[in-house]
Each structure stands twice: as C-alpha cells, then as structure tokens.
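J.: One structure follows; several queries about it will come next.
The values are calculated or read from the model by the stated rules, or taken from the named source; none is laboratory data. The structure presented is a predicted model; accordingly, all values stated were derived computationally and were not measured. No Cβ is skipped: glycine too gets one built from the backbone with ideal geometry, and neighbour counts run over all protein chains shown.
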Protein chains: 2
Amino acid sequence: MERKVSMKDIAERVGVSIALVSYVLNEKEGRVGPEMAQQIRKVAQELNYRPNLIARSLQSGRTNTLGLIVADISNPFFSNIARIIEDEAKQYGYTVLFGSSDESVEKSQGLIDTFLNRQADALILAPAAGTEPQLMALKKKKIPFVLVDRYFPSVPANSVRIDNYQAAYKAVTHLLRTGKKRIGMLTYDGGMEHMQERERGYRQALEDHGLYQAALSQRASYLHLQEGVATGLSHLLQPDRKVDAVFFATNSLAIEGLKQLNALRLKVPDDVAVISFDESDAFDLFYAPVSYVRQSLRDMGREAVRLAIQGVEQKSRPQVDVIVGADLVIRKSCGFKAG
Amino acid sequence: MERKVSMKDIAERVGVSIALVSYVLNEKEGRVGPEMAQQIRKVAQELNYRPNLIARSLQSGRTNTLGLIVADISNPFFSNIARIIEDEAKQYGYTVLFGSSDESVEKSQGLIDTFLNRQADALILAPAAGTEPQLMALKKKKIPFVLVDRYFPSVPANSVRIDNYQAAYKAVTHLLRTGKKRIGMLTYDGGMEHMQERERGYRQALEDHGLYQAALSQRASYLHLQEGVATGLSHLLQPDRKVDAVFFATNSLAIEGLKQLNALRLKVPDDVAVISFDESDAFDLFYAPVSYVRQSLRDMGREAVRLAIQGVEQKSRPQVDVIVGADLVIRKSCGFKAG
C-alpha cells in the first residue's frame, strides 16, 4: 500500500504545528480560530487524509464495532434483523462484524473469542442453547452484550424479544376459533427458553378448551431439519391422531413442513390448516398464503443496538428486558371462522 | 472493563522474561525449548490471556478483516453469499464486516470509507451502478478488492461471476423448446453490465428463432420494485402483445412478479410460463415450482475470499476473472416440452 497521508503532511502544507492539525481533526477546535480550522480541513480533504481509527482506538479503548452472532445469517429472520441492526448501528457511527453459530456451543465460543480479539465494543447475540457459561464469562469480563430473540432465565442480561407465550397462545386460539380441534405443533428440540415459551402458549390455549394432547407436540433437531420434520409430521398424521392443523414454531420449520405436505398431496387448509412464526416470501406465494406471528424486527434491531451502545457508554442500568410487539397476520392457510 | 492480562503477568507467573513469553505467544518459539513453550502457553490460558490483535495489527499492518459490500444483506441471494464468505474467511482466520449499499453510489462510498477507516485488509463488493470511480480510487490506493456477481468492463479488477449471457441464452432457449413464442423479459434499469448481459442472452436466443420484439423487454427500478413490475407486466400482458412466458432477471423481480400474476388470477404455466434467475424458498413452494438459473454461490464465495486474501498477501497477478458454474433447474413453471 502507498504511504498514508499523516497529520504532519497537512501541518507542513498549511504551515502550522502538528498539534494544531490534531486539535482540528479530532474536533477540539474550540482552541483554533474557525478560518484556520476550515483551512486545515480543506487541506486534509485535498490530500485525502484518512484517520487511522485503529490507532485512535488504542487511546480511546473503542473501535466503534459491534459483533453480531446469529444462528445463521442466511436464514431470512436473521438476515432481516442483521439489516436493521446494520442501519441502526450506522446512525451511531458503528459498523457490524457478523458470524453464524449454527446453534453450536463451540462455534459460538469461537465467534466470541474472535470478536473480542478484534476489540468489538459490544456484542449482540441470538445465543445458542448451552451458551449460558459463555454469557456469564462476558459479564465477568464486563463486555457489554445484548440478547435478541432468545434469552436464558438463569443469565441476567439485557435482552430484546417478543412475549413468545402470548404470541403462541393467540395463534393457537385463532385456530380453535376456526373450529380446529386436533392441533399439532412442530418445534425445535434443544430446550431453548423461547421455544419452550411457544410450546407453553400452545399448550395453555388447548388446555383452556380441554383439547391438549401431549402426543401432538413434536420436536425436530436444527441440524437434521428435514428428517425431524418428516418424523414429526408422520406422527401427527397417523390415522388415530390425525391433526386438522399444525402450528410451526419457526419459518424454517414451516417451509420444510409445507414442502412435505405438498409431497404428501395434502391440501392447506382443507386437509390441514397451518400457522407459523415469522415472515417469509414463501408464505406470501404459497397457494394458501400462510398465517403467521409477525415479530417487529425493526423494533428488535433498534432496541438491541440502543442497549448495546448504552452498555459501551456505561449508561445502562443493570438489566433491561425489552419486550417488542408481535401480531397475528391471518390469511388463507388457517381456513375461515366457523359459523 | 477489568484490567487485561498482559505478557508481563504471564512472565512473572512463570518466572521468565517478557521477551521469552512474547517469542512463544507470537509463535516464534524456535528459540525456546518445547517444555518451556508449553508451560508459558498453559499459564497464558490459565490467566485467560487475550492477545490485542488491534495493537498487533499496527505492527503487521493487518487486521485479518474483510469488508463485504452487497446491495442488501436481507436479500437471500446476498445473505447466502455472505454466509459462504463468512465460512470461507474463517478458514483463513479472517472475520467479515458487512454493509448494504441499496444500489446507491453515496452509500457505497460511505461503506468503503468506513471499512478502510477500520483498516479492513481487503474488500469484496457487489458494486452498485456508477461506482466505477470508487473502484478506480481503491486501485490507486492499492487496496485489494474483488467484485462478485457484478463487474464493469471499464474497471480492470479481480472478479467472480457466472457467464450471464450464456445462462440467459439457455433459459430462454428452454422456453422456446417448450413451444413459447412471445417471451417477455423483466429486468432492472440502471445499466449494470450483468443485467445487460442477461438481456443480451435473452435477445440472442429469440433472434436465433426470429422471435425478438424490443417491446417485450421491460425494466423496473430497484428502488420502486413493486410499481416497476406492475408497469412492466401490464405492458407485457396487453392484448396486442400478450406474452406466453416471462423471463425474470432476478429472484426479487420474480417474487414480486408472481405475487402480481396471482393477484391478476393468471395461472402459471398455462396462462404464462415463468423462468427466473437465482434460488428462493418461495420458488419451491409456489404451486407451479419455479424454474431458475442456479448460480454456484459456494464457488462464488470461495473464489472471492481466495482472491481477496491473495490480494492481501500480494500473491495475485494483475487481474483474474473467475467464471463460476451456473445451471438450469427446470420445474413446472415452464410448462412441458411440446410434442
């Protein structure tokens, strides 16, 4: 690379001291007359001066970088949040490093190490199951972090999420109102709190109508999605318990589930009604557009960045749980209200 | 934050000089006995020593960071490439900063400035139209960069992409073989070379069969996608030129187009056959699964990272254009072969 333009170069060109240039370019020009400040900035621009933020960060202790760890950046739920976090971080002058944990404890630790080695000022994480000790270690090291989408009751930490219990309760209650009586659920195993909350909401809605059957709640593994959905659906569709509706706990589960329902030539909603969490273009284009719980990704991303930067600036109180909005988007896949 | 563990702390604990610790932790332990090296590494781990890569980068001139600039990280084409670039970069010990240009010249310049201020070692860009001067400036500053998906004939630069002309030619030729005669195309305006190549392939395939009509080639604006697709489709569906097939130049155009065809109650493929570029879950779940040109995103991401890191290590020759594979995935949306 060619030699970088330094403050010295600017000082020589203008005919002033390096200290004076430094005052102006570090925006402390209170001590410098406005005309001189303007001249220095003009020359800096002409010479294409570029501040070395890395060097500066050694003094300030800041890099203006956030590390974002999601399960998989290619999953639309996370790529949409990433986009909002990017835009929001930019407002504060921050850029974003990203990484995908694939729900793996080891990969999550690797990403945390990498981002801390690069002196990320704060982390935003959709934490994988079993990463509680990693988060406790971050707390101990006083690294600011914010959890999005997921959280752990055992780890007191800033988090931004929806009320998963309420959202699931509302979705299943809607299916009950359309006259469905045997409603199955397909969720992830792994015991993540947000998945358990969705299951709890599903269960409570059915119990309130005396219709809960434990056998209708099936779990798939994140790493073996296709097989897990196949096994779960084949359970739910057995003649003795044949469901009239399926509640999918995520968009990935629903997309895989709809592909398999198509392969089985089952019609939505006549053979099986469907409702899901989260948006997808695929839901819009499905022949029976899919009803879903819409999480406010904009609020989620915005609040996550706000809390992360408050953490960096030490302004935050010990712990904040932000519950953002979620609503039910009802379309054809649920069938219509009975009566 | 708590005080960081330094090499001095390790040296004191082991009872050796700081220089010795530095040799070992910077992997120059040829000069140190293997037992001593092992002991030093063990203590470093016990004390939770974390090298300051930022400080180290001031000496090495490297941050092991790549900056990735795409049009929109929430577009599945780019989030899938981002995921592959992330995984590939990790193999080389690099992490990735990302940013979305929204096809804006100003946003692109802003992201380039930000990433260079953070001392990214190299950039990978899917450049927006009109950013040629920004790329020329990168060349002048000897910042290594690689173009993915798009490129500019006027800017000699490393690039990784498919043969867009051939891929479009093959897609349209397939539609012709199924007996379609009035094939429309919907693409983006803005004059990007890869879009022009797709248009050129479309045109040549039709000209080879004496079926080209300029009026059947329509363009939409990236920033006003919905209106652009509506206007384009209404042109293509006018009674006097009613098309029997539409070739969409990107997945975003196709998804919006299919939504509008649904709203118009037109059946695919009977009323209008459809073929697109790029994958989408929505294509799989559409009632007539959509045929598409599949670009090898894995090869694209892998080659982009390889070239970027070669650039950092100064091993690259002046210019490399890598053409990765693309194939045609034929499904129901094209209809079937006549005869």
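Yes or no, residue by residue, for (1) within 20 Å of B:Met185 (Cβ to Cβ); (2) within 25 Å of the chain's Cα centre (by Cα); (3) crowded, with 24+ Cβ neighbours inside 10 Å; (4) within 13 Å of another protein chain (Cβ to nearest Cβ):
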site	(1), (2), (3), (4)
B:Asp244	yes, no, no, no
B:Arg265	no, no, no, yes
B:Pro269	yes, no, no, no
B:Phe277	yes, yes, yes, no
B:Tyr292	yes, yes, yes, no
B:Gly311	no, yes, no, yes
B:Val322	no, yes, no, no
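J.: So which of A:Gly67, A:Gly130 is closer than 19 Å to B:Gly67 by Cβ, of a type outside the set (A, V, I, L, M, F, W, C) and not assigned by TED's automatic domain parsing to the domain that holds A:Thr187?
T.: Testing whether each residue is closer than 19 Å to B:Gly67 by Cβ, of a type outside the set (A, V, I, L, M, F, W, C) and not assigned by TED's automatic domain parsing to the domain that holds A:Thr187 leaves just A:Gly67.
J.: Can you name the residue in the range A:19-31 that is away from chain B (no Cβ under 14 Å) and surrounded by 14 or more Cβ atoms within 10 Å (Cβ to Cβ) and, of all such residues, is modelled with the lowest pLDDT?
T.: By that ranking, first place goes to A:Glu29.
J.: Could you check the range B:161-188 and list, in sequence order, the residues that are closer than 20 Å to B:Gly210 by Cα and among the hydroxyl-bearing types (Ser, Thr, Tyr)?
T.: Hits for the range B:161-188 are B:Tyr165, B:Tyr169, B:Thr173, B:Thr178.
J.: Next question, about the same structure. For the subset of the range A:99-113 comprising residues that are surrounded by fewer than 20 Cβ atoms within 10 Å (Cβ to Cβ) and within 11 Å of chain B (Cβ to nearest Cβ), which member is farthest from A:Ser252 (Cα to Cα)?
T.: Going through the qualifying residues, I end up with A:Asp113.
J.: Same structure, new question: What's the number of the only condition in (1) assigned by TED's automatic domain parsing to the domain that holds B:Leu138; (2) more than 30 Å from B:Leu125 (Cβ to Cβ) that B:Glu313 fails to meet?
T.: Tallying (1) assigned by TED's automatic domain parsing to the domain that holds B:Leu138; (2) more than 30 Å from B:Leu125 (Cβ to Cβ), B:Glu313 fails exactly one: (2).
J.: Another question, then. Tally the residues that are out of contact with any Lys or Arg (no Cβ under 8 Å at 6 or more places or on another chain), surrounded by fewer than 18 Cβ atoms within 10 Å (Cβ to Cβ) and within 13 Å of another protein chain (Cβ to nearest Cβ), restricting the search to the range A:114-146.
T.: Residues meeting the conditions: 5.
J.: What about B:Ile85, is it in contact with a helix residue (DSSP H, G or I) (Cβ under 7 Å, 6 or more places away or on another chain), modelled with pLDDT of 90 or more and more than 9 Å from chain A (Cβ to nearest Cβ)?
T.: Taking the combined requirement at face value, the residue satisfies it.
J.: Could you check the range B:231-250 and list, in sequence order, the residues that are within 22 Å of B:Ser291 (Cβ to Cβ) and either assigned to a helix (DSSP H, G or I) or not assigned by TED's automatic domain parsing to the domain that holds B:Gly184 (or both)?
T.: Residues satisfying the conditions are B:Gly232, B:Leu233, B:Leu236.
J.: Got a sec? Which of B:Leu97, B:Leu116 is touching a Ser or Thr at 6+ places or on another chain (Cβ under 8 Å) and not assigned by TED's automatic domain parsing to the domain that holds B:Tyr222?
T.: B:Leu97
J.: With respect to the numbered conditions (1) touching a Pro at 6+ places or on another chain (Cβ under 8 Å); (2) surrounded by 23 or more Cβ atoms within 10 Å (Cβ to Cβ); (3) within 13 Å of B:Glu193 (Cα to Cα), which one is the sole condition not fulfilled by B:Asp149?
T.: All conditions are met except number (1).
J.: Sticking with this one: Between A:Leu258, A:Leu264, A:Leu253, which is outside the structural domain of A:Arg83 (by TED's automatic domain parsing) and within 30 Å of A:Ala157 (Cβ to Cβ)?
T.: Sole residue among the options that is outside the structural domain of A:Arg83 (by TED's automatic domain parsing) and within 30 Å of A:Ala157 (Cβ to Cβ): A:Leu253.
J.: Moving to a separate point now. Run A:Ile124 past the list (1) in the same structural domain as A:Arg241 (by TED's automatic domain parsing); (2) under 15 Å from the mean Cα position of the chain (by Cα); (3) at pLDDT 95 or above and report the number of the one that doesn't hold.
T.: That leaves (1) as the condition not met.
J.: Filter the range B:183-230 for residues that are surrounded by 15 or more Cβ atoms within 10 Å (Cβ to Cβ), in contact with a helix residue (DSSP H, G or I) (Cβ under 9 Å, 6 or more places away or on another chain) and assigned to a loop (DSSP other than H, G, I, E, B) and give the result.
T.: Of everything in the range B:183-230, those that are surrounded by 15 or more Cβ atoms within 10 Å (Cβ to Cβ), in contact with a helix residue (DSSP H, G or I) (Cβ under 9 Å, 6 or more places away or on another chain) and assigned to a loop (DSSP other than H, G, I, E, B) turn out to be B:Gly190, B:Leu211, B:Tyr212.
J.: Here is a follow-up. Only residues that are over 15 Å from A:Asn251 (Cα atoms) and among the aromatic types (Phe, Trp, Tyr): list them for the range A:262-302, please.
T.: Hit for the range A:262-302 is A:Tyr287, nothing else.
J.: Okay, moving on. Mind listing just one residue for me: the one in the range B:58-81 that is over 30 Å from A:Ala282 (Cβ atoms), buried (at least 19 other Cβ atoms within 10 Å of the Cβ) and within 9 Å of chain A (Cβ to nearest Cβ) and, of those, modelled with the highest pLDDT?
T.: So, considering only residues that are over 30 Å from A:Ala282 (Cβ atoms), buried (at least 19 other Cβ atoms within 10 Å of the Cβ) and within 9 Å of chain A (Cβ to nearest Cβ), the one modelled with the highest pLDDT is B:Gly67.
J.: Also: Residues A:Tyr222, A:Tyr212: which one is in contact with a Leu (Cβ under 6 Å, 6 or more places away or on another chain), more than 25 Å from B:Lys332 (Cα to Cα), in the same structural domain as A:Val172 (by TED's automatic domain parsing) and among the hydroxyl-bearing types (Ser, Thr, Tyr)?
T.: A:Tyr212
J.: On the basis of being within 25 Å of B:Ala220 (Cα to Cα), surrounded by fewer than 19 Cβ atoms within 10 Å (Cβ to Cβ) and among the hydrophobic types (A, V, I, L, M, F, W, C), does B:Leu176 make the cut?
T.: In short, yes.
J.: Another question about this same structure. Which of the residues belonging to the range A:151-177 are modelled with pLDDT of 95 or more and among the β-branched types (Val, Ile, Thr)?
T.: Across the range A:151-177, the qualifying residues are A:Val160, A:Ile162, A:Val172, A:Thr173.
J.: May I pose another question? Determine which single condition B:Ser154 fails, assuming it passes every other condition in (1) in contact with a helix residue (DSSP H, G or I) (Cβ under 7 Å, 6 or more places away or on another chain); (2) of a type in the set (Gly, Ala, Ser); (3) in contact (Cβ under 8 Å) with a residue 24 or more places away in the chain; (4) surrounded by fewer than 16 Cβ atoms within 10 Å (Cβ to Cβ).
T.: (3)
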